Amino acid sequence: MNLPILRAEHVKTWFPVRGLAGRPAGTVRAVDDVSLTLRQGETYGLVGETGCGKSTLGRTLIRLLEPTDGRIFLNDTEITSLTQRQLRPLRSKMQMIFQDPYSSLDGRMHVGDILTETLAIQGRASRRERMERSLRMLSEVGLPAEHFYRYPHELSGGQRQRVGIARALLSEPELIVCDEPVSALDVSVRSQIIRLLLELQRERSLTYLFISHDMSVVRYMADRVGVMYLGALVEEASVDELFDHAAHPYTRVLLSAVPTPDPRTRRQRIVLEGELPSPLSPPGGCPFHTRCAHATERCRTERPELKEIAPGHIASCHII
């Protein structure tokens, strides 16, 4: 079994909300007591509907957002309480590929300046060496050298995302958080980027936290999958175990929405009733009980704990 590269223990990321005259009006529990482990060389898929806290968790794990509580370890180093100065040498080991390849690139800079700036900030190499490394990286992600002198608006969406991937790889990271990196792309371009990510992972032994709402892409990419609902992890298993033996009612809802390639095969669609509760005022008991067809009185009053239901398969549900 591969060694853990990142470990999160009971991580919370809460945001205070201000009302009239700046008075406290509550707290948004975007990430609420999440524990998980990423192993070296694997792809961990993180899924859930919009607003469940996936992106907030990803940014928290690499300290782009500050955790409210909990502990985060990169290899054997706890990074939770490190100052920005102390964290800076570790930044190169943790990178992120953003969902929107346009807004994540500075439109006032050439692609070459965007890439070489990454190395300059880290104090790496001479100016000439930075340029040479950036050109090699462009080639590695499938872009010709002429793109070095282009602006982001002169590139297609797929090309811009390749630039984003190149920027993330320049610092030779061990862990990359992929925050829905293909959701804003056309279907044909999406498959090219997915193949590129898998090829780079094999060549560089990268670890991915792959955030997505597309279960089909996650099944193709991931080794293990975590399912989030309203800021909490409700199920985790290997990708085959999760898709073949989903235990949590919410996971089964997500899987029922995945289209099947065989038109002769029919899958019963499970339709949720009601809206996603607000993380500003989450329901008591099980957070899913307001939309679950199997909810009991216990679900309304007692929050279920994550428990192992099969080797490597955990879920939080009273009815399992």
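The values are calculated or read from the model by the stated rules, or taken from the named source; none is laboratory data. Please read all numbers here as calculations on a predicted model, not as lab measurements. Virtual Cβ from ideal backbone geometry, glycine too; neighbours counted across all protein chains shown.
Considering region 164-178 alone, what residues qualify as being at pLDDT below 95 and more than 19 Å from Leu119 (Cα to Cα)? Passing the criteria: none in range.
Only one of the numbered conditions (1) under 20 Å from Ser316 (Cα atoms); (2) out of contact with any Phe, Trp or Tyr (no Cβ under 9 Å at 6 or more places or on another chain); (3) not hydroxyl-bearing (Ser, Thr, Tyr) is not met by Glu199, and that is (1).
Within this structure, Gln268 passes the test of being among the polar types (S, T, N, Q), surrounded by fewer than 23 Cβ atoms within 10 Å (Cβ to Cβ), modelled with pLDDT under 90 and not in a strand (DSSP E or B). Within region 311-320, the set of residues being part of a strand (DSSP E or B) and either modelled with pLDDT under 95 or closer than 14 Å to Tyr229 by Cα (or both) comprises just one member, Ala315. Criterion applied to Arg88, Arg71 was being out of contact with any strand residue (DSSP E or B) (no Cβ under 7 Å at 6 or more places or on another chain) and either of a type outside the set (Asp, Glu) or crowded, with 19+ Cβ neighbours inside 10 Å (or both), and the one residue passing it is Arg88. Set side by side, the residues Leu3, Leu57, Leu38 differ, and just one is modelled with pLDDT under 95 and of a type outside the set (Gly, Ala, Ser), which is Leu3. Filtering Ser104, Ser55 for residues that are of a type in the set (Ser, Thr, Tyr), closer than 19 Å to Leu169 by Cα, touching a residue at least 40 places away in the same chain (Cβ under 8 Å) and out of contact with any Cys (no Cβ under 7 Å at 6 or more places or on another chain) leaves a single hit, Ser104.
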